[in-house]
Amino acid sequence: NAGVTQTPKFQVLKTGQSMTLQCAQDMNHEYMSWYRQDPGMGLRLIHYSVGAGITDQGEVPNGYNVSRSTTEDFPLRLLSAAPSQTSVYFCASRRRDSGYTFGSGTRLTVV
Amino acid sequence: AQRVTQPEKLLSVFKGAPVELKCNYSYSGSPELFWYVQYSRQRLQLLLRHISRESIKGFTADLNKGETSFHLKKPFAQEEDSAMYYCALSGLDKIIFGKGTRLHILP
């Protein structure tokens, strides 16, 4: 039972490049979310999903896209990376009646 | 509006002393509250849910709807408690987090 798996663990991008952060869970959880963690800002919700085919915006969605074609996967796409997107990104999943299980995070640096 | 406030960015406590990490929330319905802990450079781990009323690693938290608070308490701090602690609120479809409190246990 792998839980929530995020790849890659580290990434350096140049401004303007695009990339996809991968997130997969094997617990058949309905709910999945992406957060970014920045010093002094806590965790801020980027996008979330309540099931396959359903996504919605969180607090800081600009510059990011998501899709949820399967229950297991919830990739986060950066369309045109900016230095302001330098952060640690966490994916999390849960059942409706439970707390989140978090992935180990992706540390992204945009130069 | 759904909001979680952790008023302290940093809390320093001597080993063996009591700990209280404050959390206040704003939510119009019946909230579900959580505490998460993050040890250095690791993933967040669920520490407590208010509905389970468990005690994990000696920590407890009681939901006070009158004061809209969910403070985390431990009677005797241990050095291994040093970590970042996040209070979180579950609404209809999403969970939002406070900005976190760094707990530093002094020897």
Item checked: Listed residue pairs exceeding 21 Å between alpha carbons, taken from A:Lys9/B:Lys22; A:Lys9/B:Lys94; B:Lys9/B:Lys73; B:Lys15/B:Lys57 -> A:Lys9/B:Lys22; A:Lys9/B:Lys94
Margin query: With a 10 Å cut-off between alpha carbons and a GNM built on chain B, which of B:Ala83, B:Ala61, B:Ala17 moves the most?
Written below: B:Ala17
Check: Measuring from label point to label point, each 7 Å out along Cα→Cβ, what is the A:Arg96 to A:Ser80 span in nm?
Finding: 4.0
Next item on the list: Find the Rg to Rh ratio for the stretch B:25-65, where Rh is the Kirkwood radius over alpha-carbon pairs and Rg uses the same atoms.
Entry: 1.02
Note to self: How many angstrom lie between the Cα centre of the stretch A:18-64 and the Cα centre of the stretch B:63-100?
What the structure shows: 21
Check: Using the scaling law 2.2 N^0.38 Å as the reference, what is the normalised Cα Rg of the protein assembly as shown?
Finding: 1.02
Note to self: Treating only the Cβ of Lys, Arg, Asp and Glu as charged (+1, +1, -1, -1), what charge dipole size does chain B show about its Cα centre? Round to the nearest 20 debye.
What the structure shows: 220
Check: Principal axis lengths of the stretch A:70-111 from Cα atoms, whole Å, largest first?
Finding: 39, 19, 13
Item checked: GNM result for chain A, Cα springs below 10 Å: residue of A:Pro61, A:Pro75, A:Pro83 fluctuating most strongly -> A:Pro83
Next item on the list: Give the span of the stretch A:12-93's Cα atoms along each principal axis, as three whole-Å numbers ordered largest to smallest.
Entry: 34, 27, 20
Check: Which of these, B:Leu63, B:Leu89, B:Leu46, has the largest mean-square fluctuation under a Gaussian network model of chain B (Cα springs below 10 Å)?
Finding: B:Leu46
Notebook entry, point to check: Per the Debye formula with a single identical scatterer at each Cα and no solvent contribution, what log10 I(q)/I(0) holds for chain B at q = 0.16, 0.17, 0.18, 0.21 Å⁻¹?
Noted result: -0.65, -0.73, -0.82, -1.11
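Bear in mind that the values in this text are calculations on the coordinates, not laboratory data. What you are looking at is a predicted structure, and each value in this text was computed from that prediction instead of being measured. All Cβ positions, glycine included, derive from the backbone under ideal geometry; neighbour counts span all protein chains shown.
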